[in-house]
1. Checking the structure you have, find out if any residue of the range 152-160 is under 25 Å from VAL273 (Cβ atoms) and within 14 Å of the chain's Cα centre (by Cα).
2. Just checking: which of the helices (runs of 4 or more DSSP H) contained wholly in the range 183-294 hold 2 or more residues that are at pLDDT 95 or above and over 19 Å from LEU117 (Cβ atoms)?
3. Checking the condition at positive phi and either at pLDDT 95 or above or of a type outside the set (Val, Ile, Thr) (or both), which residue from HIS148, HIS157 passes?
4. For residues that are buried (at least 16 other Cβ atoms within 10 Å of the Cβ) and of a type in the set (Gly, Ala, Ser), scanning just the range 179-207, find the one that is farthest from GLY151 (Cα to Cα).
5. What's the total number of residues in the range 106-128 that are in contact with a Lys or Arg (Cβ under 9 Å, 6 or more places away or on another chain), crowded, with 24+ Cβ neighbours inside 10 Å and farther than 23 Å from ILE238 by Cβ?
6. Please count how many residues of the range 164-191 are free of Cβ contacts under 8 Å to residues at least 40 places away in the same chain, farther than 21 Å from VAL215 by Cβ and not aromatic (Phe, Trp, Tyr).
7. Might you check whether a residue that is of a type in the set (Gly, Ala, Ser), over 18 Å from ALA253 (Cβ atoms), surrounded by fewer than 18 Cβ atoms within 10 Å (Cβ to Cβ) and at pLDDT 95 or above occurs anywhere in the range 93-105?
8. Those residues that are of a type outside the set (Gly, Ala, Ser) and not in a strand (DSSP E or B), I need them from the range 76-92; list them, please.
Amino acid sequence: MQIKPLFAVALSCLMLAGCNTTKTEKDGEPSLKSSYAPGADEHRRLKANDPVKMEPTAWIKPGSPARVGSIFSSGGLAGRTLSVGSISDIQLADKELILTFDDGPMPGKTEQILDVLDRFQVKASFMMVGQMARSHPEIARDVVRRGHSIGSHTFSHRNLAALNFETAMAEIDKGQHAVSDAVDAPVGFFRFPYLADTRKIRSALANRGTVVMDVNIDSKDYFKSSPNAVLERTMAVIHHQRKGIILMHDIHARTVSMLPLLLSRLEDEGYKVVTLRYRRSRTPEGGLFASNDH
């Protein structure tokens, strides 16, 4: 008997574990295609309504799964504030760290990260994807309202090093405008997706007054690993570097679970989290830049 085309397609989908069904990864997060289509080894967007379970615990055993805990801070983790007009202004002392989060805002994730940061009385820098900020402006505005600095991360998370210069700059400007419109404030920080830069683009951004946010402590929270694995990997790099800019992502449940444990460890070990404030250092030649505290 000949199988009808539509039924054949449906049957093929079922045999391949389903079309558009959710597959479960090792750490329980769904695997979904991103609307900005990052590479397979890079960060992925999750469903906006993907719940994050909050389980109370006061501490974590080495090698055991990390969980969001009832961890409270004395506020001793908060460090000084740096006014930044160029990347050269980011000069950190021993045991000083900067927290950064890419790819959001993500409903159900970013708000919880903001709550954890409030609990530890520290500020971070959020490098927002333009289309995400446009889709969730209320969360983007909440980031600013709570005193964090903001930056852009292109409009659709494209690899700028693979584009010609004009297309790359247009993607940067579109993302910058989208973030600025969402938060109703100018934007002065920027991070390259995949950290894939070119000398020409970096020079153009510097000439316009943009501060490119580099990274020297990569949490690699975009890997399919447990929250505890992310925690231990990040702490190992921190112990080696002793200072620097930490890259995380506010789109992953594993990061939400890991963050309070990371901050508690940092506080216990005497690290300080530095707050960044953008300061316009030159007359911009294009794009959106600020001299305020956003």
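The values are calculated or read from the model by the stated rules, or taken from the named source; none is laboratory data. Small disclaimer: the values here were computed from a predicted structure and weren't measured. Using ideal geometry, Cβ is built from the backbone for each residue, glycine included, and neighbour counts are taken over all protein chains shown.
1. Among the residues of the range 152-160, at least one is under 25 Å from VAL273 (Cβ atoms) and within 14 Å of the chain's Cα centre (by Cα), which makes the answer yes.
2. Result: 199-208, 227-241.
3. HIS157
4. ALA204
5. 1
6. 5
7. Scanning the range 93-105, I find at least one residue that is of a type in the set (Gly, Ala, Ser), over 18 Å from ALA253 (Cβ atoms), surrounded by fewer than 18 Cβ atoms within 10 Å (Cβ to Cβ) and at pLDDT 95 or above, so the answer is yes.
8. Correct list: LEU77, ILE87, ASP89, ILE90, GLN91, LEU92.
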